[in-house]
Structure formats: structure tokens, C-alpha cells
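Here the structure is laid out as C-alpha cells; the discussion comes afterwards.
Each reported figure results from applying straightforward, stated rules to the coordinates on display, with no laboratory input. Keep in mind it's a predicted model, so treat the numbers as computed, not measured. Methodologically, a virtual Cβ is constructed for each residue, glycine included, from the backbone with ideal geometry; neighbour enumeration extends over all protein chains shown.
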Amino acid sequence: MGNVPSAVKHCLSYQQLLREHLWIGDSVAGALDPAQETTQLSGLPEYVKIVEVGPRDGLQNEKVIVPTDIKIEFINQLSQTGLSVIEVTSFVSSRWVPQVAAGATEISVFGAASESFSKKNINCSIEESMEKFEEVVKSARHMNIPARGYVSCALGCPYEGNITPQKVTEVSKRLYGMGCYEISLGDTIGVGTPGSMKRMLESVMKEIPPSALAVHCHDTYGQALANILTALQMGINTADSAVSGLGGCPYAKGASGNVATEDLIYMLNGLGLNTGVNLYKVMEAGDFICKAVNKTTSSKVAQASFNA
Amino acid sequence: MATTRKILPRRLVGLASLRAVSTSSVGTFPKRVKIVEVGARDGLQNEKNFVSTSTKIKLIDMLSEAGLPVIEATSFVSPKWVPQMADNAEVLKGIQKFPGINYPVLTPNIKGFQAAVAAGAKEVSVFVAASELFTKRNVNCSIDESLQRSDEILRAARAAAIPVRGYVSCVLGCPYEGKISPAQVAEVTKKMYSMGCYEISLGDTIGVGTPGIMKDMLSAVMHEVPVAALAVHCHDTYGQALANTLMALQMGVSVVDSSVAGLGGCPYAQGASGNLATEDLVYMLSGLGIHTGVNLQKLLEAGTFICQALNRKTSSKVAQATCKLSTRRSLLQKGGKRQERLGLSPSLPDPSLSEKPGGLRVLLPHGPTGSGVECLGVPWNPAPWCSGPTSG
């Protein structure tokens, strides 16, 4: 930048930019204003589903225990934003499925593409975990409850390092084959870059249609949005994120974890992609939960907007 | 396979229009990227407290050690406007000039240019904006007048055989005007190029851009100026910098500006972040197998140094994650149980873990089969990019 005086405040606030300059985009209730000029990169899906994992993945990794009434209020606020999927479930064992079935609309199972991670995380090998998941997913299907599969360490493992795309494909295919409707490929420690994302997806997409795939990128090394953009360019149209970027990385204390939903929506809006989500409302929910757990938001959009 | 799945409440509506995505554009990148480090100027300029001359010199020397090919050293602007740059001549004279590294300085007017040359500058930079209002508010004249001023400097520079780099601000949006048309950016850039700038850095000054807008803008500019003469300067105010930079690389841009530790806030949104952090950029480029010539470990050391000096936290995510590796190592040493190490501040590496001088240990990639290995914190790709100053 040029010689800008240090305090220049007579400019458009972010809220003003959003309202009056629709080129930044504010997709509300699933329909973009046709009069709005949007820039759409060719080859991208028109609609992107955001799976909000803040209440589960996010809060689970926050140190502060969040009181139940705060959690409920948080989830209620998120429900008003237009987000079509808000994850609140935890990992269940087959014994618990009947109890969970009472209230659950969906369950998730968590596999890993790394043997070491699998052993250290859930104390069994990949093969053993798949056998357990088959039981869970089968029971869930009997009750007409859809199951989502997660594959951790899709772009790298904190213990093994490199994870081959073939291994990710093998595990994903297993989960898909047993009945998971969608497989979320997780860059658990955020080490992936667009190159490794592309190679992994090329391999997985040979076996599983892109419509059944999602990416779950962590922002530990600041690569999340670049990796998600790559996934979108490859034909993926579902991405997981957490409002305010809730949830640190358990493998690097103090490092960031999930990609912030606000920042993801900002990018998708700017790309002219339909998400059905109201960015303002997500920012409000983010502001609420950050105040409640007494932490600074990890969302850059929120940082820019609330301080402007 | 026979499956019964419950249909989700909101079925994806965009599937029918999904075109087969050609993955060739996804994977096409330049083999080498030149990083222009602007932390010592653009970064420090936006810091509130005055940074001592010796600290500035040490920072630039450390950045040189890290192998950055271009390091913007200072700005020959009136200290009345930018007090941080009041010691410009001293800084330029005091830094070590490594062979093969350029140290451009900003020269907003002919007076600044003359002072820069007197202080030994071998390369200068000039600024214009793609927005009339921004130019008016910033330098109190029109775009045309500001181009004329730049032309004056370019003619003097040509006579002195000094190369000039041009900057165009507000290429993806303006804090006053809002939307900026790609055609407007193309016109200004074309003029700068034809006046003699060897390279033009296109700046998303308030960081509002997203990859589609970046693509549109670059498409327009590339009709007028060869891509080899273009650079991008993305701000991370809305977290979009790396994604925007990725798009620019896919378009063929091979020069990227960034700032160590993401130094420099955004003056338009108090508290918001500004520049793209060099560490995070290098991380992505290395992961893509793109040669930069930068030693990430030494770069991290420079970032740690300046953050300590400024008493602030780094804005680089790579730095934040890497500094915590001591905790990870102890996780493994204790057999995987989560034992907390006594907290390290983000900017103080634990000397007991150091294997290299300077104290900061960056774990190198192990092979793909590694068993019972250490917890890794850097990207593992075939190129051992972090093993030496000229690696990439």
C-alpha cells in the first residue's frame, strides 16, 4: 500500500459494503438477487452445502466447558442462519444407538486413513474400526437414520506423516460401501496444501462420486480456504466448517483448528455460489458463542467487521 | 451395493449443472515463484510504535538470510506522513546487501526519489490506485495526476538506470468507492507498464477480493500487460489472501508479495489483519512443489524476532502451529498421554529442543513409511524444501 495515514476512518464500513455493494454477496434463503452482479468461476458447482461442526467438533475442542443452556441458544441461533446441516452428535458405540435413535436424525462414524492415528485415537486398527462401524451403520439404517462417514488424516498424520491417496480411497470406499451417504475427508492437522488435496481427491473420486464427498479442512497452517477452493474446482460441493473457527488443534496447543464458517461463506458468496446461509446471522451466532466461552474469534471476517 | 439412505431435507440442487471440471487448470502452476517481502516497509509502516533503526536493519538482514529474493527495505516519504520511515536513509545504508537480492524502496515523489538515490537505492517503487476517490483521499489528486507524478520519477529513474516497480492499489475493491471495474484496473496498469515499470504489483488493498473477482481482474489486465510482468499483493483482512493468491498462480502470475508474520494491520478496519503472511505463503508454495528459494526455518526465526521486538503475536498460522511443536514432541515422549508442557509464549522457542542455532526447531519430513516417529509439523512433500537456504 502507499503512504496511507495511520487512521483513515471516513470510509465505508463493512456493513455498508455488504448492503450497498452486492458484489461481496449476501446469499439469503437460497436465492441470489438476479440483479446482483456475481462472478462465477466456470466449472464450480452452483450450490455448496456447508456442514456446520461448531457445536460438536468446535466446542469439543475448546477448553471451557460450555453450559447446556448456552449450547442450546448457540444451536438455536445457528438454526436461524439457513445452515442446512448443523452437527451436534458425538461418536457413538453400537450399544448406544438405540438411545441415540430416540432423538437423532443422523449419526456419524469416524475412521482414519492412518493405522497409528486409529490406534492412538480409538484404540483399534482401521480394520477393527470398520467392523465396528458396519454394525453401527447397519443398525442406524434399520431405523432409517442416515450415517455420515469421516476419514481423518486424509492429507497427513501427526504420527505417520505422509498418507497415500490410495489408503484414503480404501477407507472411504469401505465407509461408502457399508452405507454412509456422505464421506467427509478430513485434513485433521491442517498440513495439506492444494497439491496434496488434488492428488487425494483424484484418487478418491475414482471410486466415490463427488456428490457423496465432503472436505473438512483445518486451518492450522492457514491453508484451509485454498484447499477448499481446490476441492470445489475438482467438483466437490460440500464443505465442513465451524462458526468462529471454534476448536483448536489438539496436536498443537494454541494452533488454530477448523476453518471459520464466516470466512468460508465470504469466499463462496464472492464466487457467486449459492449456500442458502445468511452471513450476518452466522456472524451474530459467532459473536454470541465467543463471548460465552470468552475467546477471540478465529474468523477474519468477524475480526474485520466487528472492529471496523 | 444395496443401500437405503434417508434423503436429506435439502437435496443438493446444483448437481445437474455440474460440468465436468477439467483438473488441468487446477494443477497448472508456475515452476518458480518470486516472493517480494514487504514486511519491513508495508508491514512496519502500519505498526503504531516506532521500531528502532537497528531492529529494522536486523530484520532485513534476517530476511536476507532466509533467501527472500526481493526485500522492500524502506520508504522515502516525508516523516510528517509516515514517521515510522523517518530513518529510511540510515536503514538503507545499514543493511547488508546480499548478492542476488534486491532491496527496492518506495518513492512517492521526485524528492523522495532523489533522496533514495543519494542513499544508495538501486531500485524504487511507485504507487497509483485504480480508484479516483482513494487517490484523492490518499494523495490529494486524481489518478491522471498521480500517473504524471509517477512518470516524472520513471523518467528520472531511466536516466539513472534504476528499475522501477509499480503498485496499483484497490484492484479488487475500494474502501470509498466499493466495486472497482477490471477495465479500470487494466487501464491504470497498462499506463504504468508503458511508462516503464518492469513489474506491476496489483494490490487488494482492503482484502475484500475473492477468487472469482481476482480471476476477472487478472483476465482484464492480462489483455494489456504480459503476465510475467504482474504480481499480486493480497491482504488477508477477510481471510481470502491465500485462496486469491492460488487463483492468481493458476492464471500464470509468478510473483507474490507478502509480509513476514503477516505484519501490518489494515488501517481501514481497526484490529483487522492486513498482509498475507510470508510463512503461510511459503508453506503453500512448498507443498505445491514450487521453487521459492526461501528457507522456511530462517524465515520463521525472522518472524519470531520481529514479533518479540514489537511485542505482538504473529499473524502467521504456520508460525503459530510450528512454535507449539515442543508440546507435540512432549506428547510423544510421554507415550502419547497428553501432558502439557509449561506454556511457551508464541514467540519464544524452547532452547532445550533446539538443534540449530537460533533455538527454533522445525521438524523435517520423514519418509512415507515412518513408524513410531515424531509428531510432524511441516508439510511432507518430496522436495526437502526446508533443509537449506537455496532449497525449494
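Hey, what do the phi angles of region B:132-141 turn into as Karplus ³J(HN,Hα) couplings, whole Hz, using 6.51/-1.76/1.60 and θ = phi - 60°, x for Gly and Pro?
Working through the residues one at a time gives 5, 5, 5, 5, 4, 6, 7, 10, 6, 7 Hz.
Which of the trypsin sites (Lys or Arg not before Pro) found in region A:135-214 are loop residues per DSSP with 12 or fewer other Cβ atoms within 10 Å of their Cβ?
Numbers: sites: A:138, A:141, A:148, A:167, A:173, A:174, A:198, A:199, A:206; in loops: A:206.
Sparse-neighbourhood loop trypsin sites (Lys or Arg not before Pro): A:206.
Tell me, what HN-Hα J-couplings in whole Hz come from the Karplus equation 6.51 cos²θ - 1.76 cosθ + 1.60 at θ = phi - 60° for each residue of region A:148-161, using x for Gly and Pro?
Working through the residues one at a time gives 9, x, 10, 10, 7, 6, 5, 10, x, 10, x, 9, 9, x Hz.
Quick check on region B:32-83: take the gyration tensor over C-alpha atoms, sort the square-rooted eigenvalues as a ≥ b ≥ c, and tell me if it's rounded (a/c under 1.5), prolate or oblate.
prolate
Find out how many positive minus negative residues lie around residue B:97, taking Lys and Arg as positive, Asp and Glu as negative, among other residues whose Cβ is under 11 Å from that of residue B:97. Display every interim value, and only then the final one.
Numbers: positive: B:93, B:122; negative: B:61.
Cβ neighbours under 11 Å give a net charge of +1.
Across peptide A:208-221, how many C-beta atoms of other chains are within 10 Å of each residue C-beta, on average?
On the way: counts 0, 1, 3, 4, 1, 0, 0, 0, 0, 0, 1, 4, 7, 16.
Across the residues of A:208-221, the mean count of other-chain Cβ atoms within 10 Å is 3.
Once you place label points 7 Å from the Cα toward the Cβ at residue B:133 and residue A:164, how far apart are they in nm?
Roughly 5.7 nm, to one decimal.
Only Lys, Arg, Asp and Glu count, each charged at its Cβ (+1, +1, -1, -1), so figure out the dipole size of region A:49-306 about its Cα centre, rounded to 20 debye. Provide the component values of the computation, followed by the final result.
On the way: 22 positive and 25 negative charges, 29 e Å.
Using Cβ point charges on Lys, Arg, Asp and Glu, region A:49-306 gives about 140 debye.
Using each residue's phi in region A:181-191, evaluate 6.51 cos²θ - 1.76 cosθ + 1.60 at θ = phi - 60° and report the 3J(HN,Hα) Karplus result to the nearest Hz, with x for Gly and Pro.
Values per residue, Gly and Pro as x: 6, 8, 10, 9, 8, x, 8, 4, 10, x, 7 Hz.
Just list whichever of A:300/B:179; A:300/B:80; B:58/B:313; B:31/B:313; A:49/A:138 have alpha carbons separated by over 29 Å in the model shown. Each step should come with its number before you reach the end.
Working: A:300/B:179 20 Å; A:300/B:80 32 Å; B:58/B:313 19 Å; B:31/B:313 33 Å; A:49/A:138 26 Å.
Distance filter (> 29 Å) returns A:300/B:80; B:31/B:313.
Mind sorting B:314, B:210 by how few other Cβ atoms lie within 10 Å of their own Cβ, fewest first? The partial results should precede the final answer.
Numbers: B:314 25, B:210 29.
So the ranking, lowest neighbour count to highest, is B:314, B:210.
Between residue A:142 and residue A:80, what FRET efficiency follows from the Cβ-Cβ distance if R0 is 30 Å, with the result rounded to 0.05?
Working: r = 33 Å, r/R0 = 1.11.
It comes out at approximately 0.35.
Once amide H atoms are built 1.01 Å from N in the peptide plane, which residues 5 or more positions from residue B:127, or in another chain, come under 5 Å H to H?
Placed amide hydrogens put B:167 under 5 Å from residue B:127.
Hey, with R₀ at 35 Å, roughly what FRET efficiency would residue A:206 and residue B:223 work out to, going by the Cβ-Cβ distance, to 0.05? Present the calculation step by step, with values, prior to reporting the outcome.
On the way: r = 38 Å, r/R0 = 1.09.
Given R0 = 35 Å and the Cβ-Cβ separation, E is 0.40.
Taking 0.36 nm per intervening residue step and subtracting the Cα-Cα distance, what contour gain separates residue B:148 from residue B:55 on full extension?
On the way: separation 93, 0.36 × 93 = 33.48 nm, distance 3.56 nm.
Residue separation times 0.36 nm, minus the Cα-Cα distance, leaves 29.9 nm.
Over the whole of A:56-68, what's the average partner chain Cβ count within 10 Å per residue? Rounded to a whole number, please.
On the way: counts 0, 0, 0, 0, 0, 0, 0, 0, 0, 0, 0, 0, 0.
The shielding value for this peptide is 0.
Modelling each spin label as a point 7 Å along the Cα-to-Cβ direction, I'd like the residue A:291/residue A:125 distance in nm, to one decimal.
Distance between the two pseudo-spin positions: 5.3 nm.
Name the shape class, rounded, prolate or oblate, that the alpha-carbon gyration tensor gives for region A:213-304, where a ≥ b ≥ c are the square roots of its eigenvalues, rounded holds for a/c under 1.5, and otherwise prolate holds if a/b is larger than b/c and oblate otherwise. Intermediate values should be presented prior to the final figure.
Details: a/c = 2.22, a/b = 1.23, b/c = 1.80.
Cα axes put region A:213-304 in the oblate bin.
Taking other Cβ within 10 Å of each residue's Cβ, how do B:167, B:103 sort, fewest first?
Numbers: B:167 27, B:103 23.
Ascending Cβ contact count within 10 Å gives the list B:103, B:167.
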